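Bear in mind these aren't lab numbers, they're just calculated from the coordinates by the rules spelled out. Note that the coordinates shown come from a computational prediction; the quantities given were computed from them, not determined experimentally. Because the Cβ atoms are built from the backbone with ideal geometry, glycine has one as well, and the counts that use them run over all protein chains shown.
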Amino acid sequence: MAGDGQVTLGNQIIKAGARKVRRLYKGSVLAGFAGSTADAMTLLERFESRLEENSGDLMRSAVAMVKEWRTDRALRRLEAMMIVADAKLSLLLSGAGDILEPENNIAAIGSGSGFAQAAGMALLETSDWAPSKIAKRSIEIASEICIYTDSIVTVEAIGE
């Protein structure tokens, strides 16, 4: 999983080295976010709590988290998205109640997501690179096209 480091407020760059990808549950789960930083931090904390409650079971934790996100009056207003993954499963989570398992294990969120996903799909088909290298290069390519994506990339991998 990879994430760029750019945080913007309107059309202004506030920070270039943010960590949008984190390790959770004893390092066995990765979580990445896009959207409002404060909202994403709230969601990360909630998701980590669900992982603890469900002994690290990614799907059960995702279902519990998204249900709470969608039904809780305060959480419902949060403007962020998440991608979570363990060694076996990758999921895209949204406040609209979405729990999506991406095709080809390539998922992207945020302003540069379309560019990064397209680059990742192409690199997956045409290279023998490790997934972490594909993820990093995909963000770098997106940063060359999207003004809201930078090339300061954080990469976390499980089982490579």
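Protection proxy ranking for 123-133, 36-46, using the average of other Cβ atoms within 10 Å per residue and placing the highest first: 36-46, 123-133.
Remark: for residue pairs LYS26/LYS67; LYS15/LYS133; LYS15/LYS67; LYS67/LYS136, the C-alpha separation exceeds 26 Å in LYS15/LYS67; LYS67/LYS136. Rounded to the nearest 20 debye, the dipole size of the chain about its Cα centre is 380 debye, using +1 on the Cβ of Lys and Arg and -1 on the Cβ of Asp and Glu.
Excluding LYS20 itself, what net charge comes from residues whose Cβ is under 14 Å from its Cβ, given Lys and Arg +1 and Asp and Glu -1? The answer is +1. Taking label positions 7 Å along the Cα-Cβ direction at both ARG23 and THR37, the computed distance is 2.3 nm, reported to one decimal. Take the Cα of LYS88, step 7 Å toward its Cβ, do the same at GLU53, and the gap between the two points is 2.2 nm.
Net length available on complete extension from ALA130 to ASN11 is 39.4 nm, with 0.36 nm assigned per residue and the Cα-Cα distance removed.
Our helix-only sum for the chain, with -39,500 (n - 2.57) per DSSP H run of n ≥ 4 divided by its residues, gives a mean residue ellipticity at 222 nm of -12000 deg cm²/dmol.
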